[in-house]
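Enquirer: Pasting in a structure now, in structure tokens, and then I'll have a few things to ask.
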Amino acid sequence: MAKDPMRVLVTGAAGQIGYALVPMIARGIMLGADQPVILHMLDIPQAAEALNGVKMELVDAAFPLLKGIVATTDVVEACTGVNVAVMVGGFPRKEGMERKDVMSKNVSIYKSQASALEAHAAPNCKVLVVANPANTNALILKEFAPSIPEKNISCLTRLDHNRALGQISERLNVQVTDVKNVIIWGNHSSSQYPDVNHATVNTPSGEKPVRELVKDDEWLNAGFIATVQQRGAAIIKARKFSSALSAASSACDHIRDWVLGTPEGTYVSMGVYSDGSYGVPAGLIYSFPVTCSSGEWTIVQGLPIDEFSRKKMDATAQELSEEKLLAYSCLE
């Protein structure tokens with residue numbers, strides 16, 4: 001029996017990431033090859049013509065799973081009835097702008113969009129924030145959408161997680177599907193901590209720890225971490241645009257695993273509301289290792305944390321605490 005369509009909102013849909021993301025959703029990459037979707041696309045009035053062009057292309061692609069398109073500049077229309085919201089739209093930092101200026105712009109945007117989701121989204125709507133500063137934007141959204149359960153609001157660190165998997169697979173010359181359980185702790189920023197201490201590689205003789213196979217702690221504790229932290233900047237330098245394709249693909253991975261579940265024995269990284277696990281201050285949106293089942297994520301508990309990791313995890317938590325204070329000062 002055919003499934004009822006799910007309504008998926010993409011904000012900033014006429015932008016680079018949105019343009020890469022919407023065909024992936026329409027093709028079933030996010031929610032599964034048997035799940036029909038109705039796409040809700042939102043953008044600012046200045047992008048209305050470009051948004052209509054994206055809608056025309058979606059029609060022209062004749063995606064079998066795509067059962068309807070809402071393309072609008074009206075936030076209420078965009079949010080009405082949505083089951084999944086991917087918040088890509090945000091105000092980018094421009095040359096000469098202070099962090100507080102960017103934060104102030106995004107606080108205003110996310111306050112407005114949170115209120116619309118609060119009033120008009122479907123019950124149990126799942127929200128993924130992509131726009132930077134992603135963790136703090138998600139926190140603002142949570143504040144202004146109090147009826148959306150805190151477990152339904154997350155931010156994207158799966159891109160960093162996938163980058164870490166890619167770096168290990170290249171270093172060891174193995175398939176990326178054979179590497180699992182890297183962790184991104186903390187903020188989706190250059191303070192994040194990509195951790196391989198619990199990661200393994202599937203080899204012909206069984207699963208082996210990444211550290212045992214790489215045999216280069218100096219690289220794992222320095223060069224690897226820096227490469228993952230700075231990968232977005234490196235792509236901008238090379239491409240002259242931000243990493244839209246990989247961000248869109250990672251957003252699909254994040255939602256797919258959240259909705260459909262993670263494989264047994266595998267955990268992934270999600271920016272979620274801290275409950276104090278691993279000594280992370282409660283009340284931050286912080287990236288943890290999680291498993292997903294039946295549409296719910298659960299933080300993986302009991303992983304041993306060494307002194308090197310503790311310092312890295314605390315440093316990125318400190319940055320998030322400072323961002324939170326800055327964001328709240330913009331609300332006053």
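The values are calculated or read from the model by the stated rules, or taken from the named source; none is laboratory data. Here the structure is a predicted model, which is why all the values come from computation and not from measurement. Cβ coordinates were reconstructed from backbone atoms using ideal geometry, including for glycine residues, and neighbour counts include every protein chain displayed. Remember, those area values only see protein heavy atoms, side chains included, never the ligands or the DNA or RNA. Shrake-Rupley method; radii C 1.70, N 1.55, O 1.52, S 1.80 Å.
Enquirer: Please list 3J(HN,Hα) in residue order for segment 159-172, calculated via the Karplus relation 6.51 cos²θ - 1.76 cosθ + 1.60 where θ = phi - 60°; whole Hz, with x for glycine and proline.
Expert: Result, ordered by residue: 4, 5, 4, 5, 4, 5, 4, x, 5, 5, 5, 5, 4, 9 Hz.
Enquirer: What size of dipole, in debye to the nearest 20, comes out for segment 6-155 about its Cα centre when the only charges are +1 on Lys and Arg C-beta atoms and -1 on Asp and Glu C-beta atoms? Mind dumping the intermediate values first?
Expert: Details: 13 positive and 13 negative charges, 68 e Å.
The dipole magnitude comes to about 320 debye.
Enquirer: Moving on to the next point. With the dipole of the chain worked out from charges on the C-beta (+1 for Lys and Arg, -1 for Asp and Glu) around the Cα centre, which of Leu320, Tyr19, Gly89 lies farthest toward the positive end?
Expert: Looking along the dipole axis, the top candidate is Tyr19.
Enquirer: Taking 24 Å as the cut-off for C-alpha to C-alpha distance, list the pairs among Lys105/Lys142; Lys105/Lys324; Lys180/Lys324 that go past it.
Expert: Working: Lys105/Lys142 17 Å; Lys105/Lys324 15 Å; Lys180/Lys324 31 Å.
Distance filter (> 24 Å) returns Lys180/Lys324.
Enquirer: Return a whole-number percent for the relative contact order of the chain, with Cα pairs under 8 Å and 6 or more residues apart as the contact set. Let's see the in-between values first.
Expert: Values: 645 pairs, mean separation 57.4, N = 332.
Here the relative contact order equals 17 percent.
Enquirer: Loop-only check: which GluC sites (Glu not before Pro) in segment 94-197 are DSSP coil with at most 15 other Cβ within 10 angstrom? Please list the in-between numbers first.
Expert: On the way: sites: Glu95, Glu98, Glu118, Glu143, Glu150, Glu170; in loops: Glu95, Glu98.
The qualifying sites are Glu95, Glu98.
Enquirer: In sequence order, what are the phi-derived ³J(HN,Hα) couplings for segment 118-126 according to the Karplus relation 6.51 cos²θ - 1.76 cosθ + 1.60 with θ = phi - 60°, rounded to whole Hz, with x for glycine and proline?
Expert: 3, 7, 10, 6, 5, x, 6, 4, 9
Enquirer: Let me ask you something else. Using a 10 Å Cβ count of at most 14 others and DSSP loop calls, identify the longest part of the chain lacking such trypsin sites (Lys or Arg not before Pro). Display every interim value, and only then the final one.
Expert: Numbers: sites that count: Lys3, Lys94, Lys215, Lys240.
Longest stretch, sites excluded: 95-214.
Enquirer: Given the C-alpha centroids of segment 159-218 and segment 1-48, what is the distance between them in whole angstrom?
Expert: 30
Enquirer: Report which label in (1) 53, 50, 39; (2) 76, 47, 32; (3) 63, 47, 35 holds the value of Cα extents along the principal axes in Å derived from the coordinates of this structure.
Expert: (1)
Enquirer: Taking H placed 1.01 Å from N in the peptide plane, check which residues at least 5 places from Lys126 or on another chain put their amide H under 5 Å from its amide H.
Expert: Under 5 Å from the amide H of Lys126: Val84, Ala85.
Enquirer: What length, rounded to one decimal in nm, is gained on full extension from Glu57 through to Ala222, with 0.36 nm per residue of separation minus their alpha-carbon distance? Don't skip to the answer; put the middle values down first.
Expert: Values: separation 165, 0.36 × 165 = 59.40 nm, distance 4.38 nm.
So the extension gain works out to 55.0 nm.
Enquirer: Next up: Once every DSSP H run of n ≥ 4 in the chain is given -39500 (n - 2.57) and the sum is divided by its residues, what mean residue ellipticity at 222 nm do you get, rounded to the nearest 500 deg cm²/dmol?
Expert: Values: 11 runs with 140 residues, N = 332.
The helix-only estimate for the chain comes to -13500 deg cm²/dmol at 222 nm.
Enquirer: Give the angle, between 0 and 90 degrees and rounded to the nearest 10, that separates the Cα long axis of helix 307-331 from the longest principal axis of the Cα atoms of the chain.
Expert: Taking Cα atoms only, the helix is inclined about 20 degrees.
Enquirer: Output the 0 to 90 degree angle, nearest 10, between the alpha-carbon long axis of helix 48-61 and the longest principal axis computed from the alpha carbons of the chain.
Expert: Approximately 80 degrees, to the nearest 10.
Enquirer: Also, I was wondering about something else. Can you give the charge dipole size of the chain about its Cα centre, rounded to the nearest 20 debye, using +1 on the beta carbon of Lys and Arg and -1 on the beta carbon of Asp and Glu? Display every interim value, and only then the final one.
Expert: Numbers: 30 positive and 35 negative charges, 90 e Å.
Its charge dipole is roughly 440 debye.
Enquirer: Any chance you could give the angle, 0 to 90 degrees and rounded to 10, that helix 244-260 forms with the longest Cα principal axis of the chain?
Expert: With rounding to tens, the tilt is 90 degrees.
Enquirer: In whole angstrom, note down how far apart the Cα centers of segment 263-293 and segment 111-147 are.
Expert: Each part reduced to its Cα centre gives a spacing of 18 Å.
Enquirer: When the dipole is taken about the Cα centre of segment 157-328, and only Lys, Arg (+1) and Asp, Glu (-1) are charged at their Cβ, what size is it in debye, to the nearest 20? Display every interim value, and only then the final one.
Expert: Working: 16 positive and 20 negative charges, 122 e Å.
Roughly 580 debye for segment 157-328.
Enquirer: Whose amide H sits under 5 Å from the amide H of Val70, counting only residues 5 or more places off or on another chain, with H placed in the peptide plane?
Expert: It is Leu39, His40, Met41, by chain and number.
Enquirer: Further question: For the chain, what is the accessible area per residue in Å², given a 1.4 Å probe and the full set of protein chains? Display every interim value, and only then the final one.
Expert: Values: 14810 Å² over 332 residues.
For the chain, the per-residue accessible area is 45 Å².
Enquirer: Carbon and sulfur atoms: what percent of the 1.4 Å accessible area of the chain do they account for? Can you show the working numbers first?
Expert: Numbers: 7810 of 14810 Å².
Reported share for carbon and sulfur atoms: 53 percent.
Enquirer: Using the Cα centre of the chain as origin and beta-carbon charges of +1 (Lys, Arg) and -1 (Asp, Glu), tell me which of Ala238, Ile148, Ser189 is placed farthest towards the positive end of the dipole.
Expert: Ala238
Enquirer: Under the Karplus relation 6.51 cos²θ - 1.76 cosθ + 1.60, θ = phi - 60°, what is the ordered set of whole-Hz ³J(HN,Hα) values for segment 136-148, x standing for Gly and Pro?
Expert: 3J(HN,Hα) across segment 136-148, in whole Hz: 6, 4, 5, 5, 4, 4, 4, 4, 9, 10, x, 7, 7.
Enquirer: Taking H placed 1.01 Å from N in the peptide plane, check which residues at least 5 places from Ser287 or on another chain put their amide H under 5 Å from its amide H.
Expert: For Ser287, the qualifying residues are Gly186, Asn187, Val272.
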